[in-house]
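First comes the structure, then the notes that go with it.
No value in this document is a laboratory result; all are computed from the given coordinates. On a predicted model such as this, the values are computed, not experimentally measured, just so you know. Here Cβ is always computed from backbone atoms with ideal geometry, including for glycine, and neighbour counts include all displayed protein chains.
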Amino acid sequence: MNLNKLKGTGVALVTPFHKDGSIDFKSFRKIIDKCIDGKVEYLVPLGTTGESATLTNNERRAVVDFVIEINDKRLPIVLGLGGNNTQEILDTIEEFDFEGIDAILSVSPYYNRPSQRGIIQHYKMIGNACPVPVILYNVPSRTGSNLDADTTLQLAHEVKNIVGIKEASGNLEKAMKILKNRPKDFLVISGDDVISLPMIACGADGVISVVANAFPKDFSEMIRLSLDGNFEKSRKLHYKLLEIMHAIFIDGNPSGVKGLMTAMNICSNTFDYH
């Protein structure tokens, strides 16, 4: 695919639920349409914000099918597909119908806490097996392990199908090392809403956002202005949303953004409890 389509704002879509624990597809449609109408660049179902770790296999498939249906090819879709069991991911890739999916976002192996060498082997196997491009996802606050900048760069240079990283370590110095030494077409995507503007100022290509579920128009415009180098205007939107971006993470994700979206009458503040 044309990787320029993944520059800008991707939305880590929440998965809305009814009080009985079933997926609220009516609200889900509202969320998807709101994001598209708000001019975000792409959609990311089954990420951390989508509660992918606690969904059943049937629910994951239902989420993917619904997003593909409602999106109706309007925007690229980047599917969250990762875990700590390398063989299970490879089996899923082999069995999965990727029709309508433009790329996958694959979280670094959690809980097992593999070495950097182990992480490299894990991603090489996924990159070589996956029929669509792979975006690495480094989020050490959740996984308990951290992709070193050198690890990211090795994978970027050695595995053609690994096309980018969602860098959510919060470490700007590490992000700058990746940005300085990355291959020409390798995407560096912020995984933290609040530091997206400074990361773009350093050369990053955009963000996979949580707050854009609620404020897609303002947030995606802030990112586009930043990418265009218009930081005077982008800073105004950044500071307009700054307190909100902080507030939605006080009680964790996605509880904060779902609480906000409940107040906005977008969906209910209900979570998966399987």
Q: Please determine, by comparing only the residues of the stretch 257-270 that are part of a helix (DSSP H, G or I) and free of Cβ contacts under 8 Å to residues at least 24 places away in the same chain, which one is surrounded by the fewest Cβ atoms within 10 Å (Cβ to Cβ).
A: A263
Q: Sort out which residues of the stretch 222-256 are of a type in the set (S, T, N, Q), outside any helix (DSSP H, G or I) and under 22 Å from F271 (Cβ atoms), and write them in order of number.
A: N253
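Evaluate the following for T9: is it of a type in the set (S, T, Y), more than 18 Å from N161 (Cβ to Cβ) and in a loop (DSSP other than H, G, I, E, B)? Step through it out loud before you land on a result.
Details: of a type in the set (S, T, Y): yes; more than 18 Å from N161 (Cβ to Cβ): yes; in a loop (DSSP other than H, G, I, E, B): no.
No, not satisfied.
Out of all the residues in the stretch 91-102, which are in contact with a Leu (Cβ under 7 Å, 6 or more places away or on another chain) and under 14 Å from P45 (Cβ atoms)? Explain how you work it out, then say what you get.
Here is the first cut: in the stretch 91-102, the ones in contact with a Leu (Cβ under 7 Å, 6 or more places away or on another chain) are 92, 101.
Selection gives I101 alone.
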Q) Looking only at residues in the stretch 163-194 that are more than 19 Å from P45 (Cβ to Cβ) and out of contact with any helix residue (DSSP H, G or I) (no Cβ under 7 Å at 6 or more places or on another chain), which one is surrounded by the fewest Cβ atoms within 10 Å (Cβ to Cβ)? A) K184
**Q.** Test set (1) surrounded by 14 or more Cβ atoms within 10 Å (Cβ to Cβ); (2) of a type in the set (F, W, Y); (3) without any contact (Cβ under 8 Å) to a residue 40 or more places away in the chain; (4) assigned to a helix (DSSP H, G or I) - F219 fails condition number
**A.** (3)
Q. From the residues in the stretch 73-132 that are among the small types (G, A, S) and free of Cβ contacts under 8 Å to residues at least 12 places away in the same chain, which one is surrounded by the most Cβ atoms within 10 Å (Cβ to Cβ)?
A. G118
